[in-house]
Amino acid sequence: MNINFKELANKYQTPYYVYDFDHITKQYNELKSAFNARKSLVSYAVKANSNLSVIKHLAQQGAGADCVSIGEVKRALKVGIAPYKIIFSGVGKIDDEIRQALELDILMINVESEAELERVDSISKELGKEARISVRVNPNIDPKTHPYISTGLHENKFGVDIDTAKRMYIKCKNSENLDAVGIHLHIGSQLTELEPIKESVKIVADLVRNLKAINMDISFFDVGGGLGIVYDDEKLIDTNEYAQMILEALFGLDITIVCEPGRFLVGNAGTFVTKVLYEKVNGDKRFVIVDGAMNDLIRPALYNASHKLEVLDRTEDVSDCNLVGPICESGDFFAKNVDLPKTEHNDLVAIYSTGAYCFTMSSNYNTRGKVAEIAYENGEDRLIRKRETFEDLIALEEDYLK
Ligand code: LLP
């Protein structure tokens with residue numbers, strides 16, 4: 001990545017996100033080619049970064065989409081992802097979302113409870129359709145990641161245990177309106193160890209074999225997302241080993257492998273660039289205050305996540321400080337107790353690995369407009385979402401003023 005952050009700051013103002021689209025392509029190709037030996041579908045987890053241009057870029061590489069709301073499904077369709085490459089997951093789908101998903105004829109709905117299966121059954125009956133579904137199995141394996149992004153233990157709200165899953169498949173077998181085409185698991189995000197995924201895949205592959213024994217042929221094995229990226233100095237799962245492990249677990253089964261990576265595809269492609277406003281010292285604590293804030297990038301506040309960062313063009317007078325935003329909350333920080341050089345008004349700070357779950361988790365807290373998003377591809381930059389204005393922020397309210 002050779003992006004001139006200063007030039008972009010002059011052109012688009014700060015704060016902004018810039019995404020290196022060539023990196024996204026490289027990540028996609030790496031994963032897709034790891035599965036070369038088998039029929040596979042890489043369905044991008046849209047929630048990681050749902051900018052239309054990002055989804056479109058992945059669509060052009062051949063990606064499908066893993067969606068968790070009908071809004072995400074519509075984003076994917078809008079940029080040309082074929083319905084047969086779209087999956088709809090999530091523990092709490094609204095009736096209307098299920099109805100629309102069925103009408104749009106997407107690849108499958110990942111069902112996460114018996115109660116949801118009942119709803120899908122009766123809605124598809126109403127519509128005179130057969131719903132293609134998969135069941136999300138919760139293998140009860142500790143994925144060894146942050147508790148907020150861990151999903152594969154029974155104590156988490158996701159999926160169903162093996163016995164419930166079996167009952168659900170039997171129900172599908174006996175229903176005219178349910179076609180069980182897939183099986184699904186996803187044990188957590190930012191995974192850096194292969195072993196928990198391996199154990200989980202084995203458990204679910206055994207279930208597929210049991211289902212086959214009762215003449216239920218499952219066509220899609222969805223291993224979820226979760227592949228970690230480097231934020232700091234993490235040791236990552238090798239994608240070839242990952243793919244190999246899945247291929248081995250599925251040996252002898254004629255099944256298409258689906259995976260749903262989000263962070264892996266876009267995380268390291270993004271940089272958040274913010275401008276220094278002031279420095280101050282309270283007692284003996286130094287603060288560097290920038291124009292970006294927790295509403296733009298909440299991962300440090302929410303998960304205590306650490307992102308590598310750098311003050312551009314400065315190296316002198318390094319000392320300990322907290323890098324904070326202007327919001328009225330002590331949780332409004334990007335880093336605590338980090339060594340940074342002495343800064344001046346208008347210096348730029350780049351916060352790296354912010355392509356996934358950063359813009360998408362941003363908000364308008366403190367009546368701050370969401371920041372601009374920029375794509376960088378083949379040495380050229382282009383705006384892919386303009387900065388929100390005050391008028392944008394009040395647009396849905398002002399007509400209701402009495
Ligand atoms: N599939 C399902 C069913 C998921 O729930 C998720 C993420 C993914 C795929 C994609 O996971 P990935 O490949 O990106 O790890 N906001 C958190 C991450 C939440 C992940 C939620 N589910 C963060 O900032 O770390």
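Readers should treat all values here as calculations from the given coordinates under stated rules, not as data from a laboratory. Quick caveat, the model's predicted, so the values are computed rather than measured. With ideal geometry, Cβ positions are generated from the backbone for all residues, glycine too; neighbour counts draw on all protein chains shown.
Of note:
- Separation of alpha-carbon centers, the range 181-215 and the range 1-77, rounded to whole Å: 26 Å
- Relative pair counts by distance (%), Cα atoms of the range 35-261, 5 Å bins: 1, 7, 15, 19, 21, 18, 12, 5, 1, 0, 0
- A quarter of the convex hull surface defined by the alpha-carbon atoms of the chain gives 22.2 nm² as the mean projection.
- Rounded to the nearest 10 degrees, the inclination of helix 95-104 to the longest alpha-carbon principal axis of the chain is 80 degrees.
- By other beta-carbon atoms within 10 Å, ranking Asp296, Asp320 with the fewest at the front produces Asp320, Asp296.
- Distant-in-sequence amide contacts of Gly64, defined by a placed amide H-H separation under 5 Å and a gap of 5 or more residues or a different chain, comprise Val42, Ser43, Tyr44.
- Dipole magnitude (debye, nearest 20) for the range 35-261, charges at Cβ of Lys, Arg, Asp, Glu: 560 debye
- Legend: ranking of residues Ser122, Ser50 from fewest to most surrounding C-beta atoms inside 10 Å; resulting order Ser122, Ser50.
- Summed over qualifying helices (DSSP H, 4 residues or more, each -39500 (n - 2.57)) and divided by its residue number, the chain shows a 222 nm mean residue ellipticity of -9000 deg cm²/dmol.
- Relative to the longest principal axis of the Cα atoms of the chain, helix 52-61 runs at roughly 50 degrees.
- Among the trypsin sites (Lys or Arg not before Pro) within the range 198-288, those in coil by DSSP and having at most 13 neighbouring Cβ atoms inside 10 Å are Lys235.
- For the residue pairs Lys47/Lys342; Lys171/Lys202; Lys157/Lys198; Lys6/Lys56; Lys32/Lys370, the alpha carbons lie more than 29 Å apart in Lys47/Lys342; Lys32/Lys370.
- Qualifying GluC sites (Glu not before Pro) for the range 172-249 [loop in DSSP, other Cβ within 10 Å: at most 10]: Glu176
- Under the combined filter of DSSP loop state and at most 14 neighbouring Cβ atoms within 10 Å, the range 285-359 retains these GluC sites (Glu not before Pro): Glu316, Glu329, Glu344.
- If you run the Gaussian network model on the chain, springs between alpha carbon atoms under 10 Å, then out of Gly128, Gly80, Gly228 the most flexible one is Gly128.
- If you take all other residues with their beta carbon under 14 Å from the beta carbon of Val349, and give Lys and Arg +1 and Asp and Glu -1, the sum is -3.
- Counting only alpha carbon atoms, the long axis of helix 114-127 and the longest principal axis of the chain meet at about 70°.
- With neighbour counts taken as other beta-carbon atoms within 10 Å, the residues His186, His154, His345 rank, fewest first, as His345, His154, His186.
- Antiparallel bridge percentage (DSSP; both residues within the range 66-215; nearest 5): 5 percent
- Karplus (6.51, -1.76, 1.60) ³J(HN,Hα), θ = phi - 60°, over the range 78-88, in Hz, Gly and Pro reported as x: 4, 9, x, 6, 5, x, 6, 10, 10, 10, 10
- Gaussian network model of the chain, Cα within-10 Å springs - most flexible of Val42, Val258, Val91: Val91
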